[in-house]
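Please read the structure below before turning to the comments.
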Amino acid sequence: MAGETQQTGSEYIQHHLTNLTFGQTDHGWGFAHNAQEAAEMGFMAVNVDSLCWSIGLGLVFSLLFRWAAKRATSGIPTGFQNFVEMIVEFVDGTVKDSFHGRNPWIAPMALTIFVWVFLMNLMDLIPVDVIPYLLSFAGVHFQKIVPSTDPNITLGMALAVFGMILYYSIKVKGIGGFVGELALQPFGAKNPVIQAAFIPINLTLEIVGLLAKPFSLGLRLFGNMYAGEMIFILIAMMYGGGLLLGAFGGVLQLGWAIFHILIITLQAFIFMVLTVVYLSMAHEDH
């Protein structure tokens, strides 16, 4: 595709890293025609491709698991039922090991996070030029199909987790207990004057640690998947360098795709486990 459109290497990379963005321009609302115009749309711009792919993959997850649940049998299970049961048991065991409170919503939420993030990451294994090339015939010139390479998606999920952390922290501990947890640790003293002097230090340390949770959660997933996508793009550029270089690129792409299966699974698992651990901490009443 790079050779067909006579793009330079930097233009090819920039094209594949540009979202299909909808927002307000000087001529009204519409889709951005280049990366610069997308950046000028500002905060209210919407990355339509990331949003559509993430919602679509969420629906795929819901429909597949609903289909498996409706056809589940106590007799000889099908291969797909075995696969779904294996995932459910794996997530359930992880939650039991990591979550020490009592909340019936945690395990279903953990299952949703693991499978949904995995499906979004799995899109990275589709060759980078296939879907953008097919959609170009419909007039769509930008298309990023891996939602987890968009920080808006990963940080959005992380902020949703952060909201649940605050909700359960206040619900379990009460407002006074939650504020006390931030203000009275890690440094404490029996003398009330000294304890009062420690409050600003404790608040600074605890609030920074609290705010670091959603940012580390979202940026870790984004950084790993973005780097993986970049490597696929760089390998794809080798196909325009002749038969020998293209063949070597094919070998590299196959090797990286096999290794990347581990990465996409591991990143989904880490996002799920950290979410469960953070919510377990929110349920602890000191």
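The values are calculated or read from the model by the stated rules, or taken from the named source; none is laboratory data. On a predicted model such as this, the values are computed, not experimentally measured, just so you know. All Cβ positions, even for glycine, are placed from backbone atoms using ideal geometry, and neighbour counts span all protein chains on display.
Is it the case that some residue within the stretch 221-240 is in a helix (DSSP H, G or I), closer than 22 Å to ILE165 by Cβ, among the hydrophobic types (A, V, I, L, M, F, W, C) and touching a helix residue (DSSP H, G or I) at 6+ places or on another chain (Cβ under 9 Å)?
yes
Do any residues in the stretch 71-92 that are among the basic types (Lys, Arg) have Cβ atoms under 8 Å from those of residues that are surrounded by 12 or more Cβ atoms within 10 Å (Cβ to Cβ), where the two are at least six apart or on different chains, and which pairs are they?
The qualifying pairs are ARG71/THR78; ARG71/GLN81.
Return a yes/no flag: does the stretch 61-70 have any residue that is under 25 Å from the mean Cα position of the chain (by Cα), within 17 Å of ILE153 (Cα to Cα) and of a type in the set (Ser, Thr, Tyr).
No: the stretch 61-70 contains no residue that is under 25 Å from the mean Cα position of the chain (by Cα), within 17 Å of ILE153 (Cα to Cα) and of a type in the set (Ser, Thr, Tyr).
Residues checked against (1) at pLDDT 90 or above; (2) assigned to a loop (DSSP other than H, G, I, E, B); (3) over 28 Å from PHE222 (Cβ atoms):
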{"site": "VAL140", "(1), (2), (3)": "no, yes, no"}
{"site": "LEU155", "(1), (2), (3)": "yes, no, no"}
{"site": "TYR168", "(1), (2), (3)": "yes, no, no"}
{"site": "GLU181", "(1), (2), (3)": "no, no, yes"}
{"site": "GLY188", "(1), (2), (3)": "no, yes, yes"}
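Tell me which residues, restricted to the stretch 62-86, are buried (at least 16 other Cβ atoms within 10 Å of the Cβ) and within 28 Å of ALA282 (Cα to Cα).
Passing the criteria: none in range.
Please go through the stretch 225-238 and pick out each residue that is surrounded by fewer than 20 Cβ atoms within 10 Å (Cβ to Cβ) and farther than 12 Å from GLY9 by Cβ.
Result: TYR226, ALA227, MET230, ILE231.
Scanning for something under 22 Å from VAL128 (Cβ atoms), modelled with pLDDT of 80 or more and in contact with a helix residue (DSSP H, G or I) (Cβ under 6 Å, 6 or more places away or on another chain), does the stretch 31-39 turn up at least one residue?
Yes, there is a match, as at least one residue in the stretch 31-39 is under 22 Å from VAL128 (Cβ atoms), modelled with pLDDT of 80 or more and in contact with a helix residue (DSSP H, G or I) (Cβ under 6 Å, 6 or more places away or on another chain).
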